Amino acid sequence: MPSAVVRLLCESRDASRTVRDATTEQRPFYWRGSSVKFQLALADGGAFLLAADVGEIIVEVKKLTALALDDSLMRKTFVAGDCDDTFTSGNWGGGSKQLLEASFTVNEAAILPGTYRLIVRHVATDGQENVYLSSELQVIDPQSGSEGIDPPPVAWTYLDSVPVVMTIPQALNGPQRQQVLANLGLEGLVVDLEANTQRGGLAADPDGIMHVVGWNFDQGRYQGIGIDGAPGNEKLFVYDLPT
């Protein structure tokens, strides 16, 4: 089978489990029975690591439940000479270059189908070590199809049925606010709808602020849950209430 290619931006300050292949926008995977090439760029807070600054780059695959001292199923160490010394930060977005192409042969990549952990670490010349990536990696049997690969994440909204907090603003009218409460399991807990005031002395919100009161059992105090902000820039927040 032809070699599989997995293209990943390894951002050391991103601990998200939703790392995606930069080309396919899918979770990292390759087909069992294939060799695999990991096209990698390493960045720290948006600053890309360049070949001149490379000490050692360690690429390894472990069982998902493996501990630090457990053996790797796949492992290779690369040095500056293995990297592309013409690679710059401007090359990554276009897909034309990468700092390192870590290749594993068919035999080296022959692990059973399943979900594993891909780890990319850099050890600087002074011995300082930094983990740039710790991501789930799937190995899929071609006979089983691709049912195990989930689609790219879709931005959630407050109006969906799953109670997950949205990170982008959206305008909400009265009925939509009620739907938010229902989605979050807070329907019927409304304390008031203040139409003429806004916390912090900011300009009055013409649509009002919806406050929901709840008891925080862990902290032993009352806390409010609010939907605040001008239309089109509303956010969910939690605040302490008077004793």
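Give the residues of segment 21-42 that are touching a residue at least 40 places away in the same chain (Cβ under 8 Å) and farther than 21 Å from ARG75 by Cα, sorted by residue number. Selection gives ALA22, THR23, GLU25, GLN26. So which residues in segment 93-107 are in a strand (DSSP E or B) and of a type in the set (A, V, I, L, M, F, W, C), if there are any at all? LEU100, ALA102, PHE104, listed by residue number. All conditions in (1) at pLDDT 95 or above; (2) in contact with a helix residue (DSSP H, G or I) (Cβ under 9 Å, 6 or more places away or on another chain) hold for GLU60, with the sole exception of (2). Residues that are open to solvent by less than 50 Å² (accessible area, probe 1.4 Å) and among the acidic types (Asp, Glu) within segment 1-58 comprise GLU11, ASP21, listed in sequence order.
Test ALA43 against the stated conditions and say whether it is over 14 Å from SER134 (Cα atoms) and modelled with pLDDT of 90 or more. Against the criterion (over 14 Å from SER134 (Cα atoms) and modelled with pLDDT of 90 or more), ALA43 does not qualify.
Would you pick out the residues in segment 65-78 that are closer than 19 Å to TYR132 by Cβ and open to solvent by 70 Å² or more (accessible area, probe 1.4 Å)? Before you say what the answer is, go through the steps one by one.
Here is the first cut: in segment 65-78, the ones closer than 19 Å to TYR132 by Cβ are 66, 68, 72, 74-78.
Within segment 65-78, ALA68, ARG75 meet the criteria.
In segment 112-128, the residue that is farthest from CYS10 (Cα to Cα) out of those that are surrounded by 15 or more Cβ atoms within 10 Å (Cβ to Cβ) and among the β-branched types (Val, Ile, Thr) is VAL123.
The values are calculated or read from the model by the stated rules, or taken from the named source; none is laboratory data. Worth saying up front: this structure is predicted, and the values here are computed from it rather than measured. Because the Cβ atoms are built from the backbone with ideal geometry, glycine has one as well, and the counts that use them run over all protein chains shown. Protein only, heavy atoms only, side chains kept; ligands, DNA and RNA dropped before computing areas. Shrake-Rupley method; radii C 1.70, N 1.55, O 1.52, S 1.80 Å.
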